Structure formats: structure tokens, C-alpha cells
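One structure is given below, encoded as C-alpha cells.
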Amino acid sequence: TAYALNVGRHAVRHSSDRQTMVEYDRHYRTPNLFGKPYKELADFFKSYPKRGLVLDLGCGQGRDSIALAKLGYKVTAVDNSVVGIEQMLNESKKKGLKIKGITGDIYDFIPSSKTDIILLDSMIHFGKKEIKKEKLLLKRTIAILKRGGLICLCIRDSGKRVRIIKSFMFETYGNWDTLNDSLLTYTYVD
């Protein structure tokens, strides 16, 4: 379910959990591991009337960042994988795109300025171990949105996740608009 509520090619490194970094570096040895962006996500951003700065948190190998940069968005992409960020930057260079890549932990990352759009694609899970940390991440990231900004969450609709996010948003922010609430079909094969 998706909720819609340059900078050169050098990566900047921030602190990150070393074990997680190594794990994702190993996964990303497979080029284009997760494939293309969700069609529904790409279609939403094609039709979204405002272009601006996108902060793609947990960008991996940059499938969404590259697609959004092609559409004219300025993109800052953050991930804890050095390999993923390097692959994204190499691909963006081949395509003549300018994406700022930052290697670091999205839970520790503090941007230097406000942003128009925050994208969290498959980064919020609301498991028992993560729920506090993820709610804090949402609060911190929403705080850096410009007035009228957009947060786009792609989350797996299983169990209580959708109810939790809707409840959290209502309890924390009261009235907010859902611009798109669509079911995505995605198959991942490792």
C-alpha cells in the first residue's frame, strides 16, 4: 500500500550499524536486486504536480531515486550500504542524472535543510522490535517536510501495519490528507 500523505556523484558517509551495512553490501552484489520501481509509485509521481527535493530514505541501489530524478525531481538518497549507494551513483552518472548519495543509517540521518517529499519504500515494518524506532523516524522525517510537503510510504499490507500507520498519523498529526491509497503487486525473487 502506498500512502502519499545537484549535487554531483560523491557519497557522503554518516554513522551506521556496521553489521547491517555489511549484510546489505553482500545483498547488493546482485545488480538491480529489487528490480524496477513499483509502476503505481512511478505513475503517482509522474502525475504529481509539484516537482522538488525528494529525500529517499533507505534507497538501496536507487531504483526509486533514479526514476524520480528522470522525472525532474532533485533527489537526496540515503542508505546504509556503500555498495548500494555506489551502484546508484554509477547508474545515475551513466544516465546523466544528478543524485546526492549518502551512506548512513536513516535513523541517525539529519538533513541540512527541509524537503518537499520524503519517500520510505519498504522501510517501515512496525514489528515489535522496530515500532518505537520507526514511529520516531516518522516524527523526525515529517518534521523536516516543507509546509504542504508529501510523505510517501510503501508498506507491506499484512497484519496491523496499515491500521498502525493510519492510527499513528491521526493521533500525532490529527487531520491529514491521503492522496493515494492503492494496492501494489510486487514479487521479489532472490
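The values are calculated or read from the model by the stated rules, or taken from the named source; none is laboratory data. Note that this is a predicted model, so its numbers are computed, not measured. Every residue, glycine among them, receives a Cβ derived from its backbone with ideal geometry; neighbour counts consider all protein chains shown. Surface areas here come from the heavy atoms of the whole protein model, side chains and all, with no ligands, DNA or RNA. Shrake-Rupley method; radii C 1.70, N 1.55, O 1.52, S 1.80 Å.
Things to note:
- Cross-link pairs exceeding 23 Å between alpha carbons, from the set Lys74/Lys166; Lys36/Lys166; Lys39/Lys139; Lys128/Lys160; Lys74/Lys133: Lys74/Lys166; Lys36/Lys166; Lys39/Lys139; Lys74/Lys133.
- Gyration tensor over the Cα atoms of the stretch 24-148: the corresponding equivalent ellipsoid has semi-axes (square roots of 5 times the eigenvalues, largest first) of 21, 19, 14 Å.
- Sorting Val83, Val162 by accessible area puts them as Val83, Val162; the probe is 1.4 Å, largest comes first, and only protein heavy atoms count.
- Here the peptides 135-146, 113-124, 68-79 are ranked by packing, the mean other Cβ count within 10 Å, and the order with the highest first is 68-79, 113-124, 135-146.
- Qualifying GluC sites (Glu not before Pro) in the stretch 79-179, DSSP loop, other Cβ atoms within 10 Å at most 14: Glu130
- Global geometry of the stretch 40-84, whether rounded, prolate or oblate, following the gyration tensor of its Cα atoms and the 1.5 cut on a/c: prolate
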